[in-house]
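Asker: Mind looking over this structure? Questions follow.
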There are 2 protein chains.
Amino acid sequence: MHPFTKRFHDSVSALGEEKLIAALRRWLGRASPKSPFGIGDDCAVLPPVRGPQLITVDPVIYGRHFDDSVPARAVGAKLLKRNLSDLAAMGGRPTAAVLALTLDARISTAWLEGFYRGLATCARQYGVPVVGGDIAQADGILAASLTLLGAATGPRVLTRAGARLGDWIFVTGKLGGSLTCGHHFKFKPRLAEGAWLARRAEVRAMMDVSDGLAKDLRALTPSGTVAALTASALPCRAGANVGAALADGEDYELVFAVAARADLAALRRAWRRAFPRTRLSCIGRFTRTMPAGALDPGSYHGYEHLR
Amino acid sequence: MHPFTKRFHDSVSALGEEKLIAALRRWLGRASPKSPFGIGDDCAVLPPVRGPQLITVDPVIYGRHFDDSVPARAVGAKLLKRNLSDLAAMGGRPTAAVLALTLDARISTAWLEGFYRGLATCARQYGVPVVGGDIAQADGILAASLTLLGAATGPRVLTRAGARLGDWIFVTGKLGGSLTCGHHFKFKPRLAEGAWLARRAEVRAMMDVSDGLAKDLRALTPSGTVAALTASALPCRAGANVGAALADGEDYELVFAVAARADLAALRRAWRRAFPRTRLSCIGRFTRTMPAGALDPGSYHGYEHLR
């Protein structure tokens, strides 16, 4: 759906600020708690949380993260799911979200309703109250940025740091071709899987795959080592080859390091019991030098921002 | 300073993603905690906080909240201060900030450095760690949105709800003409004043003045009452008349309701001891009908978004 309209009466500008805010609270429905725990005051008040919290922020921008081929509802859901994927990557669960919207006055009310309803459905599904936000006007743009707060689901949060020489590299699901097959907005954030992995002592470091495995793996690779991959072990999506699996991005899968001495068979068995329908692949190892025949992700490039 | 550059070598695009992220961490300096408590992982980890938290989000957009006449450093500071003002309005103190930046690839690195250094200086001044963020590219735009987390400074947070018939209306500082005199980026958020007022039992409701007193007062006015103002009591900034004081906006002062039976003289004395250099004005009262001679803010309009 094209977000812009040429008819003034169909635009958010015709609605005006007060009616727009009333409308978006209606569209958010039960995803939007009552003030002061939601929209309607200078700040939203959040109930106390025990232990450390997590925070992340990610946007969706028209022309970059979505286009006319993506339904408005799917754009709203994608915005939240991108952020949920970041929480999943640390083994967290969501507690609250705030939304900053920047839009042209000619955005159609119908598009915006779809966006908010899609966001609200996804927010209810994952139990995320949308507690606040801001709407600002700017010519020629449609961008939304969501800040997501979360909490740990267990005794530890998994970070990108912690992998060691010899550790195995695992990845969930399949990689590559996300943009062509619509996975980039249809994916399910790996929250349950991330929480489960954070409780497994043999898992040492984790992150989500968003800019392409080749690029993202750099952040997981311990200094003084290389990520030696096995090309045949890469779980390529139908229609995607090894290059696509390494470089396409927007996979929203989890990549993690498993201790060298871990019982991989036990890990696999436990995984299959917990997530029988989700593929788990051991795709390589952190080694001192690149062995002959290994796949070097350093020869592929992921998505580079600001280019 | 004009944020766009025509010379590729001076642009953020020439820097590229990796060097840009390294640069902005350098520019943020001590305002940016080490990972996982800051930038560098999928989420930032926040230390535990006791009691309820506060959250708010506000942007600055080129062409709307600032132009070439505002120094880049002042833009960065303004972004944080706008959000601090929302925290002040509830009697809160800041605990952490995350920043979402959307920018054209032709933004000059020099401008961005100024922006981040201004933000960092302000963040250190108010003790706000900048724990995370995101940078996304979009043509023709320069926008930054900051989400601020906070905590209560005392036993209660002050909301907009709570004023009653007969309550007095007070405002801090002076109003009007903010855009012409540069107050809109030079202001100091009323954090100390907000925290002080939240501890005074006679203060029933509070908010900050950002869209103009006439418009903002509507949110503070109890249903079934009107805000009857005294024109001569309005603290107009030099060069601003009553209309400007009511409608200009971007004052970032606090407006609050004081219980009808409160000892106003005692409140004023205590205020002068605590804040000898900040004006405190009783500007009117919530009444059932508009008395003859009273100033009706309903006949003025504040800043309407999306028009």
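Asker: Would you check if A:L119 is out of contact with any His (no Cβ under 6 Å at 6 or more places or on another chain), within 14 Å of chain B (Cβ to nearest Cβ) and touching a residue at least 24 places away in the same chain (Cβ under 8 Å)?
Answerer: Details: out of contact with any His (no Cβ under 6 Å at 6 or more places or on another chain): yes; within 14 Å of chain B (Cβ to nearest Cβ): no; touching a residue at least 24 places away in the same chain (Cβ under 8 Å): yes.
It is false that A:L119 is out of contact with any His (no Cβ under 6 Å at 6 or more places or on another chain), within 14 Å of chain B (Cβ to nearest Cβ) and touching a residue at least 24 places away in the same chain (Cβ under 8 Å).
Asker: Counting only residues that are part of a loop (DSSP other than H, G, I, E, B) and either at the interface with another protein chain (Cβ under 9 Å from one of its Cβ atoms) or touching a Cys at 6+ places or on another chain (Cβ under 6 Å) (or both), which one in region B:1-36 is farthest from A:S35 (Cα to Cα)?
Answerer: In the first step, residues of region B:1-36 are kept if they are part of a loop (DSSP other than H, G, I, E, B); the result is B:1-3, B:5-7, B:16, B:32-36.
Those left that are additionally either at the interface with another protein chain (Cβ under 9 Å from one of its Cβ atoms) or touching a Cys at 6+ places or on another chain (Cβ under 6 Å) (or both): B:16, B:35-36.
Values: B:G16: 42, B:S35: 34, B:P36: 32 Å.
The residue in question is B:G16.
Asker: Let me ask you something else. Tell me whether region B:299-307 contains one or more residues that are surrounded by 19 or more Cβ atoms within 10 Å (Cβ to Cβ) and of a type in the set (D, E, K, R).
Answerer: Among the residues of region B:299-307, not one is surrounded by 19 or more Cβ atoms within 10 Å (Cβ to Cβ) and of a type in the set (D, E, K, R), which makes the answer no.
Asker: Output the residues belonging to region B:254-307 that are without any contact (Cβ under 8 Å) to a residue 60 or more places away in the chain, of a type in the set (A, V, I, L, M) and outside any loop (DSSP other than H, G, I, E, B).
Answerer: Of everything in region B:254-307, those that are without any contact (Cβ under 8 Å) to a residue 60 or more places away in the chain, of a type in the set (A, V, I, L, M) and outside any loop (DSSP other than H, G, I, E, B) turn out to be B:A265, B:A266.
Asker: Select, from B:G194, B:G239, B:G249, the only residue that is touching a helix residue (DSSP H, G or I) at 6+ places or on another chain (Cβ under 9 Å), assigned by TED's automatic domain parsing to the domain that holds B:G173, surrounded by 15 or more Cβ atoms within 10 Å (Cβ to Cβ) and at positive phi. Reasoning before the result, please.
Answerer: Working: B:G194 fails: at positive phi; B:G239 fails: surrounded by 15 or more Cβ atoms within 10 Å (Cβ to Cβ).
Answer to the selection: B:G249.
Asker: Please enumerate the residues belonging to region A:160-192 that are more than 14 Å from chain B (Cβ to nearest Cβ) and among the charged types (D, E, K, R). Can you show your working first?
Answerer: At the first step, the residues of region A:160-192 found to be more than 14 Å from chain B (Cβ to nearest Cβ) are A:164-188, A:192.
Within region A:160-192, A:R164, A:D167, A:K174, A:K186, A:K188 qualify.
Asker: Considering (1) in a strand (DSSP E or B); (2) more than 14 Å from chain B (Cβ to nearest Cβ), say which one A:D68 fails and leave the rest.
Answerer: Result: A:D68 fails condition (1) only.
Asker: For region B:22-40, what are the residues that are surrounded by 17 or more Cβ atoms within 10 Å (Cβ to Cβ) and either in contact with a Phe, Trp or Tyr (Cβ under 8 Å, 6 or more places away or on another chain) or in contact (Cβ under 8 Å) with a residue 24 or more places away in the chain (or both)?
Answerer: First, pick out the residues of region B:22-40 that are surrounded by 17 or more Cβ atoms within 10 Å (Cβ to Cβ): B:24-25, B:27-28, B:31-33, B:35-40.
Answer for region B:22-40, where residues must be surrounded by 17 or more Cβ atoms within 10 Å (Cβ to Cβ) and either in contact with a Phe, Trp or Tyr (Cβ under 8 Å, 6 or more places away or on another chain) or in contact (Cβ under 8 Å) with a residue 24 or more places away in the chain (or both): B:L24, B:W27, B:L28, B:A31, B:S32, B:P33, B:F37, B:G38, B:I39.
Asker: Here's another thing I want to ask about it. Would a scan of region B:124-147 turn up a residue that is assigned by TED's automatic domain parsing to the domain that holds B:I55, touching a Lys or Arg at 6+ places or on another chain (Cβ under 9 Å), surrounded by 24 or more Cβ atoms within 10 Å (Cβ to Cβ) and among the hydrophobic types (A, V, I, L, M, F, W, C)?
Answerer: Yes, the conditions are met somewhere in region B:124-147.
Asker: Now for a different question. Which residue out of B:S85, B:S69 is among the hydroxyl-bearing types (S, T, Y) and touching a residue at least 60 places away in the same chain (Cβ under 8 Å)? Break it down stepwise before answering.
Answerer: Numbers: B:S69 fails: touching a residue at least 60 places away in the same chain (Cβ under 8 Å).
So the residue among B:S85, B:S69 that is among the hydroxyl-bearing types (S, T, Y) and touching a residue at least 60 places away in the same chain (Cβ under 8 Å) is B:S85.
Asker: Okay, next question. For B:S232, indicate whether it is of a type in the set (S, T, Y) and in a loop (DSSP other than H, G, I, E, B).
Answerer: Values: of a type in the set (S, T, Y): yes; in a loop (DSSP other than H, G, I, E, B): no.
Considered against the rule, which asks whether it is of a type in the set (S, T, Y) and in a loop (DSSP other than H, G, I, E, B), B:S232 comes out as no.
Asker: Which of the following residues is out of contact with any helix residue (DSSP H, G or I) (no Cβ under 6 Å at 6 or more places or on another chain) and closer than 22 Å to B:T56 by Cα: B:T180, B:T225, B:T153, B:T159? Reasoning before the result, please.
Answerer: On the way: B:T180 fails: closer than 22 Å to B:T56 by Cα; B:T225 fails: closer than 22 Å to B:T56 by Cα; B:T153 fails: out of contact with any helix residue (DSSP H, G or I) (no Cβ under 6 Å at 6 or more places or on another chain).
After applying the criteria, what remains is B:T159.
Asker: Looking at this structure, is A:P52 facing chain B (nearest Cβ under 10 Å) and surrounded by fewer than 22 Cβ atoms within 10 Å (Cβ to Cβ)? Spell out the reasoning first.
Answerer: Numbers: facing chain B (nearest Cβ under 10 Å): yes; surrounded by fewer than 22 Cβ atoms within 10 Å (Cβ to Cβ): yes.
So A:P52 fits the description; yes.
Asker: Are any residues in region B:127-145 under 16 Å from A:L103 (Cα atoms), at the interface with chain A (Cβ under 7 Å from one of its Cβ atoms), part of a strand (DSSP E or B) and among the aliphatic types (A, V, I, L, M), and if so, which ones?
Answerer: First, pick out the residues of region B:127-145 that are under 16 Å from A:L103 (Cα atoms): B:136-145.
When the remaining residues are screened for being at the interface with chain A (Cβ under 7 Å from one of its Cβ atoms), the result is B:136-138, B:140-141, B:143, B:145.
Still in the list and also part of a strand (DSSP E or B): B:136-137, B:143, B:145.
Of everything in region B:127-145, those that are under 16 Å from A:L103 (Cα atoms), at the interface with chain A (Cβ under 7 Å from one of its Cβ atoms), part of a strand (DSSP E or B) and among the aliphatic types (A, V, I, L, M) turn out to be B:A136, B:A143.
Asker: On to the next question. Given the conditions (1) more than 12 Å from the chain's Cα centre (by Cα); (2) within 21 Å of A:T56 (Cα to Cα), report the number of the one that B:A72 does not fulfil.
Answerer: It is condition (2) that B:A72 fails.
Asker: Quick one: would you say B:L158 is modelled with pLDDT of 95 or more, outside any loop (DSSP other than H, G, I, E, B) and either surrounded by 24 or more Cβ atoms within 10 Å (Cβ to Cβ) or basic (K, R) (or both)?
Answerer: In short, no.
Asker: Confirm whether B:G63 is more than 12 Å from chain A (Cβ to nearest Cβ) and not aromatic (F, W, Y).
Answerer: Numbers: more than 12 Å from chain A (Cβ to nearest Cβ): no; not aromatic (F, W, Y): yes.
For B:G63, the condition - more than 12 Å from chain A (Cβ to nearest Cβ) and not aromatic (F, W, Y) - is not met.
Asker: Another question, if that's okay. Tell me, please, whether a residue that is within 24 Å of B:T221 (Cα to Cα) and among the hydrophobic types (A, V, I, L, M, F, W, C) can be found in region A:45-64. Break it down into steps so the answer makes sense when it comes.
Answerer: Here is the first cut: in region A:45-64, the ones within 24 Å of B:T221 (Cα to Cα) are A:45.
When the remaining residues are screened for being among the hydrophobic types (A, V, I, L, M, F, W, C), the result is A:45.
Within region A:45-64 (the criterion being within 24 Å of B:T221 (Cα to Cα) and among the hydrophobic types (A, V, I, L, M, F, W, C)), the answer is yes, since at least one residue qualifies.
The values are calculated or read from the model by the stated rules, or taken from the named source; none is laboratory data. These numbers come from a predicted model, not from an experiment. Glycine also receives a Cβ, built like all others from the backbone with ideal geometry; neighbour counts cover every protein chain displayed.
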